[in-house]
Structures are given as C-alpha cells and as structure tokens.
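Derivation of every value follows stated rules applied to the coordinates shown; laboratory data play no part. Since the structure is predicted, the reported quantities are computational estimates derived from the model, not experimental observations. Don't worry about glycine lacking a Cβ; one is built from the backbone with ideal geometry, like all the others, and counts go over all protein chains shown.
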Amino acid sequence: MKKVNKTNPHLLLLIDELKMMQRERGGDIWRDIAKRLEKPKRNWAEVNLSKLERYAEDGEVIIVPGKVLASGDLNKKVTIAAFSFSESAKAKIESAGGRNLSISQLMDENPEGSNIRIMG
C-alpha cells in the first residue's frame, strides 16, 4: 500500500507549529493534536454540537482535532478550537455566546496548553 503524504500547506504548517510549541513550552497536548492531525483525514474527529452540549461544561475550552459540525443545539458558552468548522456550526456557537478559534489562535492564547479538553 502506497503512503500518501499530506499536501495542504496550512495543515503542514500547523503540524510543525504544534510540534515546535511542544518542544519550546512543553504541554503534551500540542504533540497529541499534531499526531492526530497527521493521521489520514478519514480518521479525523468530526464532532457535532450535540456532543459538545452533552459533554462540555459552561466556560470550558475544547479542542477538536478535525471538524465541528452543526447537528444539534449548543446552549453553553464554550470556547472551541478546531481545524475547521461548518458555517452553520460557527453561527450556532456565536449565538450561544461561545467563541470559535483556529488551533493556531488557541496556541497563541494558551501556549502551555493548560485547562484544555480534547474532544473527538
């Protein structure tokens, strides 16, 4: 079976940034996210808002190494960082009073990776 390398330059840059952040600042969470994003895209997490509503606490910071989808409702103010969001998921998160960030933005805000929960 032939190994296919990733070709998305933004994804490759993000994976390199995650590994560099883990080496410089610690925070094993960044290495974990980098390893998950290196896997084939068919194995990436796809998290619906209904799952976030069920398991996330109000005010929590969640990282999804994949895509956030809009199925279900979200009534909690949570900060969600992911590689990508569906447009309707972004709208629902913002209407609930939460924030949606890219993984790079979360790394800038919290370089140590403390108090972040991985879902997916």
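Things worth noting here:
- Helix axis angle, 9-25 relative to the chain longest principal axis, alpha carbon, degrees: 90 degrees
- Amide H contacts under 5 Å for residue 101, placed H, 5+ residues apart: 80, 81, 82
- Karplus-derived 3J(HN,Hα) values for segment 56-71, using 6.51 cos²θ - 1.76 cosθ + 1.60 with θ = phi - 60°, are 7, 8, 5, x, 7, 10, 10, 10, 10, x, x, 10, 9, 10, 9, 5 Hz; glycine and proline are entered as x.
- For the chain, the longest principal axis of the Cα atoms and the long axis of helix 28-38 meet at an angle of about 80 degrees.
- Here the extension length gained between residue 96 and residue 32 equals 20.2 nm, from 0.36 nm per residue of separation less the Cα-Cα distance.
- For segment 86-103, putting each phi into the Karplus relation 6.51 cos²θ - 1.76 cosθ + 1.60 with θ = phi - 60° gives couplings of 6, 4, 5, 5, 4, 5, 5, 5, 5, 5, 7, x, x, 10, 10, 10, 7, 5 Hz, in residue order, rounded to whole numbers and with x for Gly and Pro.
- Cα→Cβ-extended label distance, 7 Å offset, between residue 55 and residue 42, nm: 2.3 nm
- Distance between the modelled labels on residue 5 and residue 108, one decimal in nanometres: 2.9 nm (7 Å Cα→Cβ projection).
- Entry for volume of the Cα convex hull per residue in Å³ (calculated from the structure that is shown) out of [x] 172; [y] 104; [z] 164: [y]
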